[in-house]
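Here's the structure, in structure tokens; my notes come after.
Read-outs throughout are calculated quantities, based only on the coordinates presented, and are distinct from any laboratory measurement. Because the structure is a prediction, the values reported are computed rather than measured. As a convention, Cβ positions derive from the backbone with ideal geometry for all residues, glycine included, and neighbour counts pool all protein chains shown.
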Amino acid sequence: MTKSPNPSEFAIASPAPDADTGPLAIEARDLVKRFDGTIAVDGVDISVPAGTIFGILGPNGAGKTTTLRMLLGIIDPDSGTRRVLGSDNPHAIAHRIGYLPEERGLYPAMKAVDAIAFVGALRGLPRDEGRRRGRELLEEYGFGHIADRQIRQMSKGQAQTVQLLATLVHKPDLIVLDEPFSGLDAISQGRLEKLIRGLAIDGTTVIFSTHVLSHAERLCERIAIIAGGKVPFHGLVSTARDRLPPQVHLETRNVDGPWRAALPPEAEPQLRSTGGALFDFSLTGEVEPLLTALIEGGAGIQALSIERAGLHDAFVAIAGEAAARALEQDAEGVAR
Amino acid sequence: MNMSHSAFSRFWRSIMVIASRDFGAILFSRSFIFFLLGPLFPVFVIGMAGGIGASVSGKAVTPVLGIAMEAAETDAFLAARDRLSGSVAHLPETFIVIRLKPGERVMARSLLERAKSGSPVVALLSGPLANPKLTGPGGSVDMWKGPVALIAAEALRPQSSTLPSVTVDKTISARADTARKRIRTAQASQTLLFLLTMLLAGMVMSNMVEEKANKIIEVLAAAVPMDAVFFGKLIAMLGVSLVGLSVWGVVGLAIMLAGGGIPSFAPPAVGWPMFALLGLVYFSFAYLLLGSLFLTIGGLAATVREVQTLSMPATMLQLLVFFFASYALGAMGEPIELAAILFPLTSPYSMLARAAVEPDLLPHLGAIVWQALCVTLIIKGGATLFRRTVMKSGPAVSRNSFFRWLTGRRKPA
């Protein structure tokens with residue numbers, strides 16, 4: 001059972017570049033965006049080190065897409081600053097950026113190779129070069145047979161792959177993918193994960209949004225969690241997971257004894273029909289004193305596992321906490 | 001990658017990428033055939049109406065030569081005309097205005113002026129047969145001078161075998177006549193410009209719907225400024241329009257040549273080659289000005305149905321523009337004409353009309369710069385509005401932010 005940690009443990013990680021992050025591909029400060037008076041993004045800070053895979057995680061409607069659209073210059077923030085690849089104007093460096101929007105779209109009458117070349121041309125790649133590279137990319141990813149097929153004649157997955165390849169055709173330094181895994185089958189998702197890893201190995205910065213945490217857990221070194229338009233966590237995935245204490249699962253032959261004093265007070269026993277008890281609790285201290293107390297206290301250990309918290313648990317805890325905090329702030333605002 | 005980093009070349013390249021995609025997509029679509037055939041329907045209707053009209057007007061308003069001579073000479077003239085009509089073509093139709101008594105004189109000009117405005121009599125023949133006098137507008141008297149001399153000579157035979165000298169009294173000076181004819185040229189050019197613009201500019205209204213329906217607008221907006229998308233789309237449609245114009249022009253010319261001739265208009269004041277060039281330029285600007293406005297309006301529409309609903313008021317707007325420009329044509333040199341020249345949407349119409357009537361070229365340079373500036377401002381405003389309302393970019397448009405945008409001042413950080 002996951003326990004919600006104390007709110008004081010969730011100090012927002014500073015997005016300022018650490019000594020070990022190196023140059024930043026994206027640096028956004030205090031981005032604010034309102035739509036028709038409703039605040040969608042409320043003071044978001046994001047720093048993405050160059051050459052890394054960065055995940056933006058959050059539930060639907062959290063403000064992920066709005067944040068990405070502001071970073072790309074599709075929309076302007078109401079306030080705040082953004083620097084992308086060293087430029088304040090994302091359109092000025094459009095040739096160094098690739099973007100896969102959440103709502104996929106290509107011209108239905110275009111052939112796959114022309115669609116790729118067209119998106120490349122929008123980013124400054126000569127049309128002929130775009131066609132040549134488009135054909136190469138399609139071959140490389142096993143879609144050579146649809147190169148001359150119109151988008152309207154393709155399956156949704158094929159069209160989505162064509163659009164993904166179109167974001168890569170001009171060899172950008174930064175690739176922004178908004179919910180790239182949605183709509184893909186398991187095989188295509190695995191293929192996309194491999195592609196993203198390959199891009200990062202080649203030095204490309206990849207930033208993607210998702211509400212499927214397993215992708216972020218497998219791919220990202222760093223993440224930002226967005227909830228209610230705010231960023232309650234920003235930093236290393238390992239740091240997010242370490243925000244929660246390890247979870248202990250203990251099975252004992254005995255139900256009571258002096259060893260129970262070593263267990264936290266909330267660790268209630270679940271009695272087994274065959275005798276003995278089960279305990280699930282968070283490890284708040286060191287492992288060794290607990291083991292010593294269990295062995296010397298005669299607990300009769302039958303099974304013991306200590307697991308590090310997963311990203312999912314960390315996310316639920318962090319996003320839940322943020323929502324609670326936002327609620328408190330709303331209440332304070334009303335009271336004022 | 002070998003890419004230019006100059007902002008302008010990047011902007012221009014973006015425009016051309018959008019324009020070439022749209023141009024190709026329209027030109028190589030099956031619907032382009034229907035686009036080319038489109039004008040055939042109004043041409044057919046106009047042709048039918050014109051045929052009926054020509055038949056009616058041929059009977060009703062054939063110009064007639066009025067005769068105000070002594071009775072004997074009148075009879076001799078009409079008899080001679082009848083004798084010649086079997087062998088000579090294009091003799092004037094005649095009408096006896098008054099049979100004068102011997103020695104009686106007539107004031108031809110005042111007689112003509114007293115004629116009712118609907119009267120077919122456009123010129124008056126007076127004086128003795130040996131020295132006939134033709135009074136009337138320059139065009140008519142020039143046209144009838146030769147035939148009248150011929151008929152008078154026939155009437156005088158066998159007493160005289162010489163061709164009498166016809167005295168001409170032009171009621172409208174050649175200069176005024178030319179000016180009047182040039183105004184007709186101006187009217188015709190305005191009407192042609194209106195028809196072409198009406199046919200083509202409305203097409204851009206639904207242009208952004210495809211991008212919004214296919215969700216590709218996000219890809220475009222992330223890669224290029226929205227102004228470039230608007231410019232690109234307008235240029236593509238202008239290109240398509242010019243292709244259409246070329247096809248229709250060639251076909252129309254071939255039909256006219258095959259049908260026996262090209263309608264004659266007085267040469268415009270700037271000359272035909274310059275007039276044709278200015279016509280092309282002003283068509284482009286009339287199209288771009290109206291098209292940029294329609295593109296903006298259409299861009300704000302959420303559905304095809306909304307675009308269809310907007311089509312009717314858009315057509316009404318075009319009609320208003322045409323009527324205003326036509327009205328200003330009748331008041332050349334007056335403030336109303338200046339207003340029509342300064343108002344962006346009527347400016348191309350008024351300037352084209354001016355090219356038909358006035359030979360000065362310098363005002364055209366100023367007008368072209370003004371119209372180009374207006375196109376840029378409308379597109380810039382349209383793109384900003386699109387970003388703010390459709391893309392939901394930036395704060396809501398307020399008076400202060402609007403003026404900041406207008407003056408280029410940025411909000412202090």
>> With only alpha-carbon atoms in the gyration tensor, what are the semi-axes of the equivalent ellipsoid for the range A:247-307, in Å, largest first?
In response: 16, 13, 10
>> Suppose every Lys and Arg Cβ carries +1 and every Asp and Glu Cβ carries -1, with no other charges. What dipole size does the protein assembly as shown come out with about its Cα centre, to the nearest 20 debye?
In response: 3200 debye
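Please average, across the residues of A:73-79, the number of beta carbons from any other chain that are within 10 Å of each residue's own beta carbon, and give a whole number.
6
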>> Of A:48, A:190, A:262, which is farthest towards the positive pole of chain A's charge dipole, taken about the Cα centre with +1 and -1 on the beta-carbons of Lys, Arg and Asp, Glu respectively?
In response: A:190
> residue B:67's amide H: which non-local residues (gap 5+, or another chain) put their own amide H closer than 5 Å, with H modeled 1.01 Å from N in plane and none for Pro or chain starts?
Replying inline: B:95, B:96, B:97, B:98, B:125
> Give me the log10 of I(q) over I(0) for the range A:115-201 at q = 0.18 Å⁻¹, as the Debye formula computes it from C-alpha points; what are the numbers?
Replying inline: -0.78
> Hey, quick one: spin label on residue A:302, modelled 7 Å out along Cα-Cβ, who in the range A:266-295 has an amide N within reach, i.e. under 13 Å?
Replying inline: A:270-279
>> If I model a spin label at residue B:212 and residue A:239 as a point 7 Å from the Cα along the Cα→Cβ vector, what separation in nanometres do I get?
In response: 4.3 nm
> Expressed in nm², what is the orientationally averaged projection area of the convex hull enclosing the Cα positions of chain A?
Replying inline: 22.3 nm²
> According to a simple spin-label model (label point 7 Å from Cα along Cα-to-Cβ), what is the distance in nm between residue A:255 and residue B:78?
Replying inline: 14.0 nm
> Residue by residue, what Karplus-based ³J(HN,Hα) values in Hz, rounded to whole numbers, does the range B:136-153 have, using 6.51, -1.76 and 1.60 with θ = phi - 60° and x for Gly and Pro?
Replying inline: x, x, x, x, 5, 5, 5, 5, 9, 4, x, x, 5, 4, 5, 5, 4, 4
> Which of the aspartates and glutamates could a cross-linker span from residue B:212 if the Cα-Cα distance has to be under 13 Å and same-chain partners fewer than 8 positions apart are dropped?
Replying inline: A:103
> What number, in nm² with one decimal, is the all-direction average of the projected area of the convex hull of the alpha-carbon atoms of the range A:57-152?
Replying inline: 7.9 nm²
>> Rounded to two decimal places and with Rh computed the Kirkwood way over Cα pairs, what is Rg over Rh for the range B:211-368?
In response: 1.03
> What is the Rg over Rh value, at two decimals, for the range B:63-172, using alpha-carbon atoms and the Kirkwood definition of Rh?
Replying inline: 0.93
> In the range A:7-242, how many lysine pairs have Cα atoms under 28 Å apart, counting only pairs 8 or more places apart or on different chains?
Replying inline: 12
> residue B:6 to residue B:142: extension gain in nm, 0.36 nm per residue of separation minus the Cα-Cα distance?
Replying inline: 42.6 nm
>> When 1/r is averaged over all different Cα pairs and the result inverted, which Kirkwood radius in Å belongs to the protein assembly as shown?
In response: 33.0 Å
>> Taking the number of other C-beta atoms within 10 Å as the exposure measure, put A:233, B:32 in order starting with the fewest.
In response: B:32, A:233
> Convex hull over the Cα atoms of the range A:281-322, averaged projected area in nm²?
Replying inline: 3.8 nm²
>> What's the magnitude of the charge dipole for chain A around its Cα centre, counting Lys and Arg as +1 and Asp and Glu as -1 at the beta-carbon? Answer in Debye, nearest 20.
In response: 1320 debye
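Could you put A:268, A:221 in order, starting from the residue whose Cβ has the fewest other Cβ atoms within 10 Å?
A:268, A:221
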>> Given a Förster distance of 25 Å, report the FRET efficiency between residue A:271 and residue A:312 from their Cβ-Cβ distance, rounded to the nearest 0.05.
In response: 0.30
> What value, in deg cm²/dmol to 500, does the helix sum -39500 (n - 2.57) over DSSP H runs of n ≥ 4 give at 222 nm once divided by the residues of the protein assembly as shown?
Replying inline: -17000 deg cm²/dmol
> Measuring from label point to label point, each 7 Å out along Cα→Cβ, what is the residue B:320 to residue B:343 span in nm?
Replying inline: 0.8 nm
> Put +1 on the Cβ of each Lys and Arg and -1 on the Cβ of each Asp and Glu in the range A:247-307; which of A:287, A:248, A:273 then has its Cα farthest toward the positive end of the dipole?
Replying inline: A:273
>> Order these by the 10 Å Cβ neighbour count, fewest first: B:384, B:346.
In response: B:384, B:346
>> Under a Cβ-only charge scheme (Lys and Arg +1, Asp and Glu -1), can you give me the dipole magnitude of the range A:101-186 about the Cα centre, in debye to the nearest 20?
In response: 340 debye
>> What are the ³J(HN,Hα) couplings of the range B:347-352, residue after residue, when phi is run through the Karplus curve with 6.51, -1.76, 1.60 and θ = phi - 60°? Round to Hz, x for glycine and proline.
In response: 3, x, 5, 5, 6, 5
> What FRET efficiency, computed as 1/(1 + (r/R0)^6) with R0 = 41 Å and r the Cβ-Cβ distance, is obtained for residue B:308 and residue B:362, rounded to the nearest 0.05?
Replying inline: 0.40
